Amino acid sequence: MSGDRGLRPSRTARMVSLLPLPLRRRAEALPGAMAPPVRPGQSTPRVAIIGTGFGGLGVAARLRQAGIDTFTVFEKADAVGGTWRDNSYPGAACDVPSHLYSLSFVPNPAWTRKFPTQPEIRRYLDSIPARTGIADRIEFGAEVRSLRYDDDAKTWQVTVLRGDGPDAAETTETFDAVVAATGQLNRPHIPDIEGLDSFDGPVFHSARWDHDVDLTGRHVGVVGIGASAIQFVPAIAESAASLTLFQRSANYVAPKADAPLSPRARRLLRVEALRKAYRFSIWARFEARFMALRDGSTLNRMGQNLFDKGLAKAVGPKLTPEMVVPDYALGCKRILIANDWYPTLMRPDVTVVPGGVQKVEPGAVVVDGVSHPVDTLIFGTGFESTGFLMPMTVTGRHGVDLQESWAEGAEAHLGITVSGFPNLFVLYGPNTNLGHNSIVFMLERQISYALTCIRSLVSDPRPLDVRPGAQAASNRRLERRLATTVWATACHSWYKTESGRITNNWSGTTSDYWRRTWRPRWTDFDRV
């Protein structure tokens, strides 16, 4: 659904036609083609959608556009937004430019900055249900606890918990297909640290920020210095009496080319053709960055040299090399962007403590036998990212448990379908994360792929189950290519399982993923 109803299609077409041919084709293709909607009176599959982040809202909007209204969106919280609802910490923002960080078929011409902040992303996501006509299909306060495939009925039994405390009750409902849009970053990770329960001050994770705690004048300890801490640490430094940062390893932090969009730029970007061209230009520039993630590539070596020279300037009496110089290859962990990180580290009331946390005492954190007094603990330790679809219990054909089948690491065909689990479609699933471009782009490809599969059930209701051989072949190719990336080098990251298997990242460019998900290859599937 377009946000530019006042713009005549003929004018838009003329403006697009003025672009160079390659740019025009890309700009026109970015939103993806929509197949004609199902005919009135046709029976459509019942679809359960879990989650209301970009993925859940996007697939619901596309289903409605396709004429499939027999779907329900289950959301355990009381509002839409997914990770952008949950992560409301001070300074929360995105590291992908605004005009690429939105659904192409639900554009937002009103972005105010080059990089969006959490409140602005949240407002955008809040607007999607009304703009796309799916608000009546979202059920809040409904937590999906389990999914069980019925071999005889060839349907999914979805068990949903509604209510709180003694009023909570579970019911089981039947669906033909399930779209799990719970993502990779929805369960905060707090490490099991000795003595943590004994700490006598406020303790919370950045993804569950306690806004009732006034940090003014407090001595705050921050455990984990990653993508969230890089934002909230500078934001709270002014009010806290002191900040002690406990970091296991340093990060590569690049400048953030952020600024408000000028009134003139905002007016121009309300023109659909110009906005599409601008969106494409961002995507193309970011796409070129993938070569820097190839281990040993020229671009990676050039980037490493630039960072080494820049980081050397930060080393001094206050900051030792251990505090600011990473001990792993550029890109092995996500490269962060910020303009206020190093100035914050240089503040006299900020202390960096390298090394792993040994234990926690009632009013202190112990590292290497040294006790560091703090009265508040904030964890920026990321998420349980490799436990896909947890904590749901998912049971497929013949009683196979999904988590048992993933005991050696999660895998799926193109990150979307899993053999033995017919008509189950996972968004932002195994090996679909990126280190160089927009996840929303990947989600749109997955939504298109899943929608095509679901639409096929209108004419042939037999469930689709990806063949084991097809899944195994695509994952062998994936692992061969992953072995050539910097993610396979020696570092500890949320991209990997404890055994070192990379289960989160896609192995190539988004162009390659676009090509491979352009349409399902039906020979990869059995009708069961």
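Annotation: amide H of Ser88 within the under-5 Å range of Trp209, sequence separation 5 or more or interchain, hydrogens built in the peptide plane. Loop-located GluC sites (Glu not before Pro) in segment 368-426 (DSSP state other than H, G, I, E, B) with a sparse environment of at most 13 neighbouring Cβ atoms within 10 Å: Glu408. First check a/c for segment 148-203, with a ≥ b ≥ c the square roots of the eigenvalues of its C-alpha gyration tensor; if it is under 1.5, answer rounded, and if not, answer prolate when a/b is larger than b/c or oblate otherwise. Note, shape of segment 148-203 comes out prolate.
How charged is the neighbourhood of Thr417? Take every other residue with its Cβ under 12 Å from the Cβ of Thr417, and add Lys/Arg as +1 and Asp/Glu as -1. Intermediate results must be reported in sequence, preceding the final value.
Values: positive: Arg467, Arg521; negative: Glu411, Asp465, Asp524, Asp526.
Result for the neighbourhood of Thr417: -2.
Cα convex hull, segment 172-328: 284 Å³ per residue, rounded to a whole number. At a threshold of 8 angstrom on Cα-Cα distance, excluding pairs fewer than six apart, so keeping six or more, what relative contact order does the chain reach in percent? RCO, the chain: 19 percent. Its residues counted as N, segment 103-249 yields a C-alpha radius of gyration over 2.2 N^0.38 Å of 1.43. Kirkwood hydrodynamic radius of segment 465-525, from the reciprocal of the average inverse Cα-Cα distance over all distinct pairs: 13.0 Å.
Remark: segment 490-499, residue by residue, has Karplus-estimated 3J(HN,Hα) of 6, 6, 9, 9, 6, 6, 10, 7, 4, 7 Hz, where x stands for each Gly or Pro and the curve is 6.51 cos²θ - 1.76 cosθ + 1.60 at θ = phi - 60°.
Would you please report the Å³ per residue occupied by the convex hull of the alpha carbon atoms in segment 367-481?
Here the figure is 190 Å³ per residue.
Using R0 = 41 Å, the C-beta based FRET efficiency linking Asp214 and Asp136 works out to 0.55. Summarising the label geometry, the points placed 7 Å from Cα in the beta-carbon direction at Asp460 and Asp327 lie 5.5 nm from one another. Between Arg267 and Glu287, the C-beta separation translates, for a Förster distance of 35 Å, into a calculated FRET efficiency of about 0.80. With the biggest extent put first, the Cα atoms of segment 415-460 measure 39, 20, 8 Å across the principal axes. Amide H to amide H distances under 5 Å link Thr155 with Asp150, where only residues 5 or more positions off or on other chains count and H is placed in the peptide plane. As a proxy for reagent exposure, Thr393, Thr83, Thr432 were ordered by neighbouring Cβ count within 10 angstrom, fewest first; the result is Thr393, Thr83, Thr432.
The stretch between Glu408 and Asp126, if pulled fully straight at 0.36 nm per residue, gains 97.8 nm over its current Cα-Cα span.
Both the radius of gyration and Dmax for segment 57-106 are 13.9, 41 Å, in that order, over alpha-carbon atoms. In segment 212-273, the ratio of gyration radius to Kirkwood radius, Rg to Rh, stands at 1.20 when only Cα atoms are counted.
So what's the net charge close to Gly303: Lys and Arg +1, Asp and Glu -1, counting the other residues with Cβ under 13 Å from its Cβ? Residues near Gly303 contribute +2 overall.
Neighbours of Arg481, meaning other residues whose beta-carbon lies under 13 angstrom from its beta-carbon, give a summed charge of +2 when Lys and Arg score +1 and Asp and Glu score -1.
Applying a DSSP loop filter and a limit of 13 other Cβ atoms within 10 Å to the GluC sites (Glu not before Pro) in segment 234-295 leaves Glu238. Between Ala77 and Val370, the modelled label-to-label distance comes to 3.8 nm, taking each label 7 Å out from Cα in the direction of the beta carbon. Helical runs assigned H by DSSP (4 residues or longer) give the chain a calculated mean residue ellipticity at 222 nm of -8500 deg cm²/dmol, each run adding -39500 (n - 2.57) before division by the residue total.
All of the numbers you see were taken from the coordinates with simple rules; none came from a lab. Bear in mind that the values here come from a model prediction, so they are computed numbers and not experimental data. Ideal geometry is used to build each Cβ from the backbone, glycine not excepted, and the neighbour counts take in all protein chains shown.
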